[in-house]
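So the structure is just underneath, and the comments pick up after that.
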Amino acid sequence: MLNLTLGKGFSEVVYGDALEIELKSHGVPFGREVRFPIKYKGKVLKHQYIADFVIENKIIVALKAIEKLSSSQVKQTLNYLTASKLKLGLLVNFGEDSLSYKRVVL
């Protein structure tokens, strides 16, 4: 789906721009930078979680441009799923020698 002509070395936002073009060209319904409130002890906090992408109102896509995915990014994605009340996340890393991804289920 995503033409990796960019190669590695760009920031997450650049890969997000490219992914947005690809999703639009394939007719995939999505939202970009979708905001979700975070609650603590029944109160909504000032800061929100902003998802890189939400696909078909079902899947959170978190983009990374780091050397290697670790368990901390998986835990962070699980927190995003909890905040959004969605069940499926896709953690995508453009920073390795080849594209890597991890499916995260709440």
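Read the figures in this text as sums done on the coordinates, not as results from a lab. Owing to the predicted nature of the structure, the values given are computational and were not obtained by experimental measurement. Heads up, the Cβs are rebuilt from the backbone with ideal geometry, glycines too, and the neighbour counts pull from every protein chain shown.
Of all the numbered requirements in (1) in contact with a helix residue (DSSP H, G or I) (Cβ under 8 Å, 6 or more places away or on another chain); (2) without any contact (Cβ under 8 Å) to a residue 40 or more places away in the chain, residue 37 misses one, and that requirement is (2).
Out of everything in the range 48-59 that is among the hydrophobic types (A, V, I, L, M, F, W, C) and closer than 16 Å to residue 14 by Cα, what residue ends up being surrounded by the fewest Cβ atoms within 10 Å (Cβ to Cβ)? So the residue we want is 53. When residues in the range 64-74 are screened for being more than 20 Å from residue 38 (Cα to Cα) and of a type outside the set (D, E, K, R), 5 of them pass.
Within the range 60-74, is there a residue that is surrounded by 14 or more Cβ atoms within 10 Å (Cβ to Cβ) and assigned to a helix (DSSP H, G or I)? Yes, there is a match, as at least one residue in the range 60-74 is surrounded by 14 or more Cβ atoms within 10 Å (Cβ to Cβ) and assigned to a helix (DSSP H, G or I).
Of everything in the range 75-106 that is farther than 13 Å from residue 36 by Cβ and basic (Lys, Arg), the residue that is surrounded by the most Cβ atoms within 10 Å (Cβ to Cβ) is 102. Among the conditions (1) within 12 Å of the chain's Cα centre (by Cα); (2) part of a strand (DSSP E or B); (3) more than 18 Å from residue 16 (Cβ to Cβ), residue 44 misses just one, which is (1).
Could you list, in sequence order, all residues of the range 1-41 that are among the aromatic types (Phe, Trp, Tyr) and either part of a strand (DSSP E or B) or more than 12 Å from the chain's Cα centre (by Cα) (or both)? Passing the criteria: 10, 30, 36, 40. Taking the criterion of being out of contact with any helix residue (DSSP H, G or I) (no Cβ under 9 Å at 6 or more places or on another chain) and of a type in the set (D, E, K, R), the residues of the range 1-34 that qualify are 8, 12, 17, 20, 22, 24.
For the range 75-86, the criterion of being over 10 Å from the mean Cα position of the chain (by Cα), among the charged types (D, E, K, R), within 14 Å of residue 104 (Cα to Cα) and part of a helix (DSSP H, G or I) is satisfied by at least one residue.
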